[in-house]
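Engineer: Structure below; questions to follow.
The values are calculated or read from the model by the stated rules, or taken from the named source; none is laboratory data. No experiment lies behind these values; they were computed from the predicted model shown. So basically every Cβ, Gly included, is an ideal-geometry build from the backbone, and we count neighbours across all protein chains shown.
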Amino acid sequence: MGILKTFALGGVHPEENKLSANAPIEVLPLPKQAIIPLGQNLGAPSKAIVKKGDKVKVGQLIAEASGFISTNIHSPVSGTVFKLDNVIDGSGYKRPGIIINVDGDEWDESIDISDTLITEITDDAQAIIDKVKKAGLVGMGGATFPTYVKLMPPPGKVAEYLIINGVECEPYLTSDHRLMLEKGQEMLIGTKILMKALGVSKAIIGIENNKPDAINHISVLAKDFEGISVQALKVQYPQGGEKQLIKATVNREVPSGKLPIEVGCVVQNVGTAFAVYEAVQKNKPLIDRVVSVTGKAVKKPANYLARIGTPIQQLIDASEGLPENTGKIVNGGPMMGKALTSLDVPVVKGSSGILLMKKEESSRKVESPCIRCSKCTYVCPMGLEPYLLSKAAKLAKYDIAEDEMVMDCIECGSCQYTCPASIPLLDYLRLGKSKVGAIMRDRNKK
Amino acid sequence: MNMFTVSGSPHVHGDDSTKKIMYGVVYAMIPAILVSVYFFGLDAIRVLVLSVIGCLFFEWVIQKYLIKGGTTINDGSALVTGILLAFNVPSNLPSWMIIIGALVAIGMAKMSFGGLGKNIFNPALVARVFLLISFPVQMTSWPKPKAITEGLADVVTGPTPLGIVKEGLDAGKTMSELKPQIPTYMQDLMGQMGGSMGEVSALALILGGIYMLVKKIITWHIPVSMLGTVVIFSGILWGFNPEHYADPVFHLLTGGMLLGAIFMATDMVSCPMTKRGQLVYGFGIGLLTILIRIWGAYPEGVSFAILFMNAVVPLINKAFKPKRFGAKPGVAINQ
Ligand code: SF4
Ligand code: SF4
């Protein structure tokens with residue numbers, strides 16, 4: 001397995017609870033109705049190009065990118081557009097979306113739906129980028145940044161390493177883990193494709209050593225792929241953060257306020273690499289993804305291949321229903337996921353898991369005074385002082401928050417997880433970030 | 001319709017708590033408590049009980065009747081202050097003085113700053129220094145430790161090793177002349193030297209320190225930089241003139257050095273927030289302690305040194321920031 005590496009600064013090790021690690025990916029039955037929010041990527045929401053009553057096929061374009069940082073959305077089902085309306089999304093707000101009544105499962109003819117593995121990469125770099133863009137790919141780890149943007153380094157910047165994120169450092173989640181075990185070949189071909197698009201000769205797949213089976217499997221498969229190596233990593237949260245993963249794998253530090261390309265790196269998630277394979281080799285847009293359904297009270301923790309737009313209620317039903325004492329539903333992992341208000345929220349491109357928490361796990365502990373233990377500072381992977389930043393934000397001292405680099409906070413939650421006084425540090429940090437961000441934008445305008 | 005809790009991430013907590021930390025400190029003090037009871041007998045129990053009850057009582061009264069808020073006497077912080085205060089006084093201190101000490105520690109040094117987490121100075125140390133200045137005679141007449149097995153009669157009082165050396169050197173004697181009058185280092189380690197209740201056994205204090213390190217209640221930075229500075233600074237002087245200056249081991253093992261380094265200087269509320277800052281803080285305490293011990297008016301300087309450095313902590317916190325991620329780019333190839 002080689003030497004275990006990890007990032008240097010801060011970090012925590014929450015209980016892993018990978019309950020669904022041994023559950024093979026199951027194909028989830030189609031929903032009766034697909035609910036497709038238009039805002040599924042980081043950046044501008046997409047623009048609907050279908051109208052009520054239109055017949056659509058699986059994979060047909062239904063909404064277009066509306067700017068540079070925006071993506072296409074394709075119909076995940078076949079059927080009739082029921083209406084364009086506001087739909088509840090992961091944020092808890094109602095936002096524009098498309099609702100499609102499902103009828104059969106008729107795919108767009110251009111998509112190769114066979115199981116044949118296509119190893120040979122015939123497209124050139126530009127063609128790959130175009131296909132990735134057309135297919136509406138976003139980062140599948142949860143950040144949902146449009147993938148093609150990352151494949152086009154700004155002028156003057158050159159990529160040297162492609163780093164594939166197979167860390168899955170969030171407790172509970174196992175969708176990337178299962179994907180590596182079951183779709184390793186495809187994921188590696190996808191990695192090759194990404195390397196070609198970026199013009200790099202080296203790719204490193206970082207996997208934490210709580211997934212020895214994935215490390216072994218991918219290491220064996222990777223022997224046939226020149227330039228791709230596997231790096232086993234010591235378990236430490238938030239190793240899946242781009243900056244932390246780059247530090248752990250190639251020991252480079254992305255400067256404050258800069259992107260990974262600054263140090264010659266591009267990071268993509270294993271789920272994204274798999275989606276790239278499908279988009280480029282099979283012409284299949286991003287219409288489904290692997291979602292873990294998990295939690296201590298869940299009767300059948302599982303991993304589902306679900307179409308985008310499937311209400312999470314259906315995933316939960318497939319895992320034998322909502323446990324009696326569910327107190328909180330989290331879209332994503334327990335460290336960075338978002339609590340949902342309703343079971344009608346659909347699976348979107350960035351959904352990596354649904355975590356059902358028991359009532360007793362759901363509420364926060366009572367906050368007590370800060371005892372200045374500095375534990376929040378010790379665990380911050382960005383070298384910040386959360387106690388100070390949260391106080392600055394609370395007192396609306398945004399100049400101090402800015403000077404103390406609140407914008408570097410990656411919202412990993414390690415500080416709040418650790419705080420013995422149970423202070424909701426990240427709530428204040430998010431407030432500070434949004435205020436300071438607004439102040440900075442204002443200043444730049446002038 | 002189901003109702004679900006909605007709150008921002010993270011949705012899990014590491015289960016550490018103020019109470020756990022405070023009780024961790026209490027457990028770490030158990031060896032030193034046992035040693036003090038072994039040597040000072042019923043008197044030690046009297047001091048401990050009065051000090052603890054005093055601190056808890058004043059915390060409760062002030063919160064209930066002056067601040068009129070909820071009480072926090074269960075969080076263990078007043079308990080820690082109570083035991084530390086007991087550690088910092090001689091076992092024969094009159095009971096009413098102990099109660100005054102508790103009032104000063106909780107009322108003046110903790111509550112008047114706003115309570116837990118807001119005080120600048122270590123409460124137990126403020127009380128110690130207050131008592132030392134107000135009642136210098138009672139605070140410096142140290143009963144000689146004597147195992148309870150040797151019987152309870154005849155408590156002999158005498159000066160501490162530090163006092164003997166200070167007085168002797170000031171009177172022009174040499175270290176070789178003074179050596180026979182002070183306990184051996186083995187006796188220091190085990191607890192057979194005069195001093196405040198919690199200071200007498202170096203070994204018991206070190207055990208507690210190791211426990212807190214393992215439990216991650218403290219980090220090594222403050223004790224190591226403080227004691228390291230003491231060793232180096234006193235070592236230089238000693239190397240210079242071993243007849244006129246006590247050796248580093250003597251400084252390490254006597255007086256409040258270890259109690260200060262392990263339990264007082266590491267008090268999380270009043271020490272700096274970053275590890276770099278803590279190194280500077282420990283260095284400052286070590287340096288000041290030796291300065292006071294050798295050239296000051298008092299034989300012991302640990303308490304003053306810590307209180308002085310407590311006052312500097314806000315400046316240290318401003319000057320020493322954590323190592324920021326990405327402040328020093330490693331290999332940046334695109335430049
Ligand atoms: S949430 Fe922000 S401040 Fe807190 S540990 Fe993570 S990066 Fe640091
Ligand atoms: S971890 Fe909590 S109690 Fe400790 S310094 Fe940070 S905010 Fe204060």
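Engineer: If I ask for residues that are more than 14 Å from chain A (Cβ to nearest Cβ) and in contact with a Pro (Cβ under 7 Å, 6 or more places away or on another chain), which ones from region B:17-44 would you list?
Structural biologist: Listed by number, the residues that qualify are B:F39, B:F40.
Engineer: Further, regarding this structure: Under 9 Å by Cβ, and 6 or more places apart or on different chains, what pairs join a residue from region A:404-418 that is within 8 Å of chain B (Cβ to nearest Cβ) and aliphatic (A, V, I, L, M) with one that is near ligand 1 (Cβ under 7 Å from one of its atoms) and assigned to a loop (DSSP other than H, G, I, E, B)?
Structural biologist: These pairs meet every condition: A:M405/A:M382; A:M405/A:L384.
Engineer: Mind checking which residues of region A:341-369 are buried (at least 21 other Cβ atoms within 10 Å of the Cβ) and within 7 Å of another protein chain (Cβ to nearest Cβ)?
Structural biologist: Answer for region A:341-369, where residues must be buried (at least 21 other Cβ atoms within 10 Å of the Cβ) and within 7 Å of another protein chain (Cβ to nearest Cβ): just A:M357.
Engineer: Now a separate question. Test B:T18 against the stated conditions and say whether it is buried (at least 21 other Cβ atoms within 10 Å of the Cβ) and either closer than 25 Å to A:K375 by Cβ or modelled with pLDDT of 95 or more (or both).
Structural biologist: Judged against the criteria, B:T18 is a match.
Engineer: While we're looking at this one, here's another question. Could you list, in sequence order, the residues of region A:149-188 that are free of Cβ contacts under 8 Å to residues at least 40 places away in the same chain and more than 30 Å from A:M357 (Cα to Cα)?
Structural biologist: A:M152, A:P155, A:G156, A:G184
Engineer: Mind checking whether some residue in region A:185-193 is over 28 Å from A:Q126 (Cα atoms) and among the polar types (S, T, N, Q)?
Structural biologist: no
Engineer: So which residues in region A:201-245 are in contact with a Gly (Cβ under 8 Å, 6 or more places away or on another chain), in contact (Cβ under 8 Å) with a residue 40 or more places away in the chain and assigned to a helix (DSSP H, G or I)?
Structural biologist: A:A214, A:I218, A:K243, A:Q244, A:L245
Engineer: Counting only residues that are more than 11 Å from ligand 2 (Cβ to nearest atom) and touching a Lys or Arg at 6+ places or on another chain (Cβ under 9 Å), how many does region A:403-421 have?
Structural biologist: Total meeting the criteria: 8.
Engineer: Here's a follow-up. For A:L429, only one of the following conditions fails: (1) at the interface with chain B (Cβ under 7 Å from one of its Cβ atoms); (2) within 9 Å of ligand 1 (Cβ to nearest atom). What is its number?
Structural biologist: Result: A:L429 fails condition (1) only.
Engineer: Being within 10 Å of ligand 2 (Cβ to nearest atom) and closer than 18 Å to B:S9 by Cβ is the filter here; which residues of region A:358-388 pass it?
Structural biologist: A:E367, A:C376, A:V379, A:C380, A:P386
Engineer: Considering only residues of region A:388-403 that are crowded, with 21+ Cβ neighbours inside 10 Å and within 28 Å of the chain's Cα centre (by Cα), which is nearest to A:G337 (Cα to Cα)?
Structural biologist: A:S390
Engineer: Here are A:D89, A:D115: which of them is at pLDDT below 90 and surrounded by fewer than 22 Cβ atoms within 10 Å (Cβ to Cβ)?
Structural biologist: A:D115
Engineer: Here's something else I'd like to know. Name the single residue that is farthest from ligand 1 (Cβ to nearest atom) among those in region A:378-402 being without any contact (Cβ under 8 Å) to a residue 24 or more places away in the chain and within 10 Å of chain B (Cβ to nearest Cβ).
Structural biologist: Looking at residues that are without any contact (Cβ under 8 Å) to a residue 24 or more places away in the chain and within 10 Å of chain B (Cβ to nearest Cβ), I get A:L388.
Engineer: Inspect all residues belonging to region B:93-101 and state whether any of them is within 14 Å of chain A (Cβ to nearest Cβ) and not aromatic (F, W, Y).
Structural biologist: no
Engineer: Going by the conditions given, is A:P424 facing chain B (nearest Cβ under 10 Å) and either more than 15 Å from ligand 2 (Cβ to nearest atom) or surrounded by fewer than 22 Cβ atoms within 10 Å (Cβ to Cβ) (or both)?
Structural biologist: Against the criterion (facing chain B (nearest Cβ under 10 Å) and either more than 15 Å from ligand 2 (Cβ to nearest atom) or surrounded by fewer than 22 Cβ atoms within 10 Å (Cβ to Cβ) (or both)), A:P424 qualifies.
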